[in-house]
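Structure, as structure tokens:
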Amino acid sequence: MATDFNNSEISSPSHPRWRKVAYGGMQPGFDDNHTDDSFLEDLVMNASVVKRDLLKVMQDSVSISQYLCIVALVGLVWTYTLQSILSENSLLLLDVSLLGSGFIVLLLTKEMLSLNLLFHYILNVSFFTTGLYVLAPIYHTLTRSISSDSIWAVTVSLIVLHLFLHDYSGSTIRAPGALKSPNLTSCVSLNASVVASVFIASRLPSRLHVFAIMLFSLQVFLFAPFVTYCIKKYSFHFHLVFSFGLMVVTLAFVYMLHELLFVLLLAIIIFVSVVCPYWLIKIQEYKFEINGPWDEAKLCFDITD
């Protein structure tokens, strides 16, 4: 009887009906947290959940494996240089080859690049190379008072930080056609790789060695993501072919250096390119998302326009 009395009281003319409003204070005759049966009518489940395909996720993970191989190649060059296997002339020849190959790739993807922009890049590279050559004597003596064990420990930590924070979907510099500039974590990742390069360069015997290895390292860490980004935007199939070729070459060089490192790198590539995509697809089954009138309002336009 009490329940019938309350319902008749709420629906009576002296007590207005409850309305679903976001603002306006408490409604007379109702508690502040009152809801009726119509509150869950707008409930939507898994409205924005994206159903992912395993093959598509594996293809997207190729960019991560590709960059892991690039960093592995940098580590190989560092190792061979510290062991005096690579001379200054070999490093300088490698630098010129990489720089020329990068500009050839940019020319082949010329719909993303104008001649004026290409000249702008060449001018920046010239200033960049001149600055490195001037600063090489400082880098050469920068860590003379620090032990080699400490240098290697810090360098490995910085490279791990670089890989952890690197933006694998974009570029370290803003590429033509890119919608946004590199984010903060990408900049921190780049700075970590630069500091690691300086630590390695400070252990080399001559200033020309320092200049050559710094130029090589910064070409890879700064410009290689930009070049691979242009390749991916130009042709995704060419991006896959280039990535798989790079993986094969890297694994071959690592195998010649040490078999245990080859097994470790191969396991990491398989884990990143096969195991992680499979895990992502499997955990999608447990994703549960609900939306309703309690959600915060979201802007439907870009505030930067």
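For a Förster distance of 35 Å, can you work out the FRET efficiency between the beta-carbons of SER169 and ARG144, rounded to the nearest 0.05?
On the way: r = 40 Å, r/R0 = 1.13.
So the FRET efficiency works out to roughly 0.30.
Using a 1.4 Å probe and ignoring any ligands, DNA or RNA, find the accessible area of LYS282 and quote it in Å² to the nearest 10.
Per-residue accessible area (LYS282): approximately 80 Å².
Could you list, bin by bin from short to long, the percent of Cα-Cα pairs of region 176-271 in 5 Å steps?
That works out to 2, 11, 13, 15, 21, 22, 11, 5, 1, in percent per bin.
If a/c stays under 1.5 just call it rounded; otherwise compare a/b with b/c (prolate if a/b is bigger, oblate if not). Do that for region 209-249, with a ≥ b ≥ c from the square roots of the Cα gyration tensor eigenvalues.
Working: a/c = 5.38, a/b = 1.95, b/c = 2.76.
Oblate.
Using 0.36 nm per residue, how much length does the chain from ARG52 to ILE104 gain when fully extended, once their Cα-Cα distance is taken away? Display every interim value, and only then the final one.
Working: separation 52, 0.36 × 52 = 18.72 nm, distance 3.53 nm.
Gain in length upon complete extension: 15.2 nm.
How far is it, in nm, from the label point at TYR133 to the one at VAL96 when both lie 7 Å from their Cα along the line to the Cβ?
Computed distance between label sites TYR133 and VAL96 equals 1.3 nm.
Take ASN116 and LEU240, extend 7 Å from each Cα along the Cα→Cβ direction, and tell me the distance between the two endpoints in nm.
Going by the 7 Å Cα→Cβ label model, 3.8 nm.
In nm, to one decimal, how far is the VAL195 label point from the THR79 one, both placed 7 Å along Cα→Cβ?
Here the modelled spin labels are 2.5 nm apart.
Could you go through region 161-167 in sequence order and give the Karplus-derived ³J(HN,Hα) for each residue, using 6.51 cos²θ - 1.76 cosθ + 1.60 with θ = phi - 60°, rounded to whole Hz, and x for Gly and Pro?
Per residue, the Karplus-derived 3J(HN,Hα) values read 4, 4, 5, 5, 9, 5, 8 Hz.
The values are calculated or read from the model by the stated rules, or taken from the named source; none is laboratory data. Because the structure is predicted, anything quoted here is derived from the model rather than measured. Quick reminder, even Gly has a Cβ in these numbers, built from the backbone with ideal geometry, and neighbours come from all protein chains shown. Surface areas here come from the heavy atoms of the whole protein model, side chains and all, with no ligands, DNA or RNA. Shrake-Rupley method; radii C 1.70, N 1.55, O 1.52, S 1.80 Å.
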